[in-house]
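Peer 1: Let me give you the structure first, and then I'll get to my questions.
The values are calculated or read from the model by the stated rules, or taken from the named source; none is laboratory data. Worth saying up front: this structure is predicted, and the values here are computed from it rather than measured. Quick reminder, even Gly has a Cβ in these numbers, built from the backbone with ideal geometry, and neighbours come from all protein chains shown.
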């Protein structure tokens, strides 16, 4: 047992700890919070009233195991206080069981903990668990590559492009060149994939994204082309890479290549794709600029 959640049965004691007498000193935009725990027989984790044996019996203290699962019943706000009511949650209920199954289907490990923290927005803690797992000597190459990729994505979100690129480069040679095709649609520029089957196409695409952001256009183009050479990328993933390469060519003034690659983008997807409008506009812009150049050349030839 690593610790307990300390609560009290007395309202005045709870008010003292949540700072009832300090309300006027609370920063603007913040409120004290009072958690109210409902107790019933569904709690399977240990808990105990220790008021009779505590050194502070007036606090009427009740301890709960930190492993106890609670569900939010209600949240009440008034001018000075936020009250959150909690009820015990059977850890085997359908939602909890599904979440547990998702993260333990391949065995619960440090990467699973990191994934949960990542979904909760705790990126620094997630990275710590990924780094910790990388120190295990028995990891296979694919798992190690996935961990490097996840760290790279965390760093990319933080605009720490050099460290992100370093991790992507470590991931690329460790991952197989193909996975089963996925119909899941990915967010364009860059590709965000946080599951345990990271397509190699995402690694090279995101390396190209970083090089382009650093104005390293030749390196960016090479990475995007490597991404397109990866087998079994989903249509949406391949379309994203073609779009990125088209944007790069447009940025460099090569409107013919930009038009060609944006054209391949919209051949791979249709109006049901979330980014169809954006990708179609990119094609129309490149096509318009290319047509303008062709007309200019024709006019110059006729002069």
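Peer 1: Only one of 29, 51 is part of a loop (DSSP other than H, G, I, E, B), assigned by TED's automatic domain parsing to the domain that holds residue 77 and at pLDDT 80 or above. Can you tell me which?
Peer 2: Going through 29, 51 in turn, just one is part of a loop (DSSP other than H, G, I, E, B), assigned by TED's automatic domain parsing to the domain that holds residue 77 and at pLDDT 80 or above: 51.
Peer 1: Does any residue in region 33-46 that is in the same structural domain as residue 13 (by TED's automatic domain parsing) come within less than 6 Å, Cβ to Cβ, of a residue that is at pLDDT below 75 and surrounded by fewer than 15 Cβ atoms within 10 Å (Cβ to Cβ) six or more places away or on a different chain, and which pairs are these?
Peer 2: Between residues of region 33-46 that are in the same structural domain as residue 13 (by TED's automatic domain parsing) and residues that are at pLDDT below 75 and surrounded by fewer than 15 Cβ atoms within 10 Å (Cβ to Cβ), the close pairs are 42/90; 45/67.
Peer 1: Can you say whether residue 265 is within 26 Å of the chain's Cα centre (by Cα) and more than 28 Å from residue 297 (Cα to Cα), as far as the supplied structure shows?
Peer 2: Considered against the rule, which asks whether it is within 26 Å of the chain's Cα centre (by Cα) and more than 28 Å from residue 297 (Cα to Cα), residue 265 comes out as no.
Peer 1: Right, something else. Would you mind stating whether residue 208 is under 24 Å from residue 295 (Cβ atoms), in contact with a helix residue (DSSP H, G or I) (Cβ under 9 Å, 6 or more places away or on another chain), assigned to a helix (DSSP H, G or I) and modelled with pLDDT of 90 or more? Can you show your working first?
Peer 2: Values: under 24 Å from residue 295 (Cβ atoms): no; in contact with a helix residue (DSSP H, G or I) (Cβ under 9 Å, 6 or more places away or on another chain): yes; assigned to a helix (DSSP H, G or I): yes; modelled with pLDDT of 90 or more: yes.
No; evaluated as a whole, the condition is false for this residue.
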